[in-house]
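Nothing in this text is a laboratory measurement; each read-out follows from the coordinates by a stated rule. Here the structure is a predicted model, which is why all the values come from computation and not from measurement. Methodologically, a virtual Cβ is constructed for each residue, glycine included, from the backbone with ideal geometry; neighbour enumeration extends over all protein chains shown.
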Amino acid sequence: MAVRITSANLNGIRAAARKGFFDWFAEAAPDVLCVQETKAQYEQIAKDATFFPDGYHAYFKDAEKKGYSGVALYTRHEPDEIIREVGFPEIDSEGRWIEARFGDLSVVSFYMPSGTSGDERQDFKYAFMEPFLEHLVRLRESGRRYIICGDWNIAHTKLDIRNWRSNQKNSGFLPEERAWLDRLFGEAGFVDAFRVVEPETEQYTWWSYRGRAWDNNTGWRIDYHVLTPDLKDVVREASVYTGERFSDHAPLTLAYDLSL
């Protein structure tokens with residue numbers, strides 16, 4: 001049975017809705033949708049049926065700061081449990097992790113901190129990355145299977161960014177960040193699901209609003225499905241939807257030979 005899981009950083013769930021995202025969602029009809037950057041408090045959308053489409057269970061984890069961060073999960077199948085914290089208070093207060101558990105399988109919507117706003121946030125990102133990698137290893141060793149979808153805010157290799165030469169000193173493509181992904185997909189044992197089925201494709205998931213980045217496909221691949229290694233063999237296909245623009249990110253969908 002094929003399970004289709006979509007990850008989408010919406011850069012504001014209400015703004016994306018106005019751009020037609022939920023019409024697309026109804027047509028695409030994935031089994032699970034993982035959203036990042038809702039930028040809304042639950043009470044701001046709770047009475048609007050747009051955000052609660054028929055046939056889906058909807059779960060949210062808001063940032064304490066209004067209009068900031070936040071993640072969500074939509075799933076056709078009711079999960080056994082929802083976990084809204086990763087265990088790092090400074091991260092949990094920003095609404096960056098929500099996990100749905102189906103038996104021994106977890107599907108997560110995750111939003112990695114960005115360092116693009118300056119040194120303070122880059123230092124915050126660095127301070128989180130090392131203990132988070134150790135946490136991920138513990139998750140892998142727990143025996144649960146994980147699909148961690150989201151905006152990881154790092155392009156891994158030259159294949160994942162159009163202008164790699166000019167971006168080597170920019171947050172999201174710094175040598176230290178790329179080395180961290182080397183470890184995540186190396187010694188830590190996790191798998192970049194997109195690269196299982198598209199090992200050489202130069203395809204992107206984020207384009208700056210500046211200039212003509214979208215028109216010229218001057219993009220970055222910073223949205224991932226990150227898997228525990230026991231799921232590598234069930235990845236079937238991957239696609240990035242660029243038919244419409246709902247955000248500065250595009251929805252990333254992967255199909256898995258799984259059941260929920």
At 25 °C and 0.890 mPa s, what whole-number value in µm²/s does Stokes-Einstein give for the translational diffusion of the stretch 2-257, with Rh from the Kirkwood sum over Cα pairs?
134 µm²/s
Arranged from highest to lowest average of other beta-carbon atoms within 10 Å per residue, in what order do the peptides 95-104, 238-247, 206-215, 147-156 appear?
147-156, 95-104, 238-247, 206-215
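Considering all alpha-carbon pairs of the stretch 1-124, what whole percent are spaced by more than 17 angstrom?
That tail contains 57 percent of the Cα-Cα pairs.
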May I have the extent of the alpha carbons of the stretch 131-234 along their three principal axes, as whole Å values ordered from largest to smallest?
46, 28, 21
Cα-based equivalent ellipsoid of the stretch 99-188: semi-axis lengths in Å, sorted from largest, via gyration tensor:
26, 14, 12
Going down the table (K19/K66; K61/K125; K61/K169; K39/K232), which pairs top 30 Å between alpha carbons?
K61/K169; K39/K232
Go ahead and set up a Gaussian network model of the chain, Cα springs under 10 Å, then flag whichever of Y111, Y68, Y146 fluctuates most.
Y68
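Just for the stretch 2-257, what percent of DSSP beta bridges are antiparallel, to the closest 5? Please list the in-between numbers first.
Numbers: 41 of 53 bridges.
Counting only bridges with both partners in the stretch 2-257, antiparallel ones make up about 75 percent.
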Taking the Cβ of Y224 as the center, what net charge do the other residues with Cβ under 11 Å away carry, scoring Lys and Arg +1 and Asp and Glu -1?
-2
Protection proxy (average C-beta count within 10 Å per residue), highest first, orders 71-82, 120-131, 41-52 as 71-82, 120-131, 41-52
When the Karplus curve 6.51 cos²θ - 1.76 cosθ + 1.60 is applied with θ = phi - 60°, which whole-Hz ³J(HN,Hα) does each residue of the stretch 49-65 get, with x for Gly and Pro?
4, 3, 8, 9, x, 4, x, 10, 8, 10, 9, 10, 10, 8, 6, 5, 7
So how far, in whole Å, is the C-alpha centre of the stretch 196-236 from the one of the stretch 147-190?
11 Å
Can you work out the Karplus-derived ³J(HN,Hα) for every residue in the stretch 162-173? Use 6.51 cos²θ - 1.76 cosθ + 1.60 with θ = phi - 60°, whole Hz, and x for glycine or proline.
5, 9, 6, 4, 7, 10, 5, 10, 9, 3, x, 9
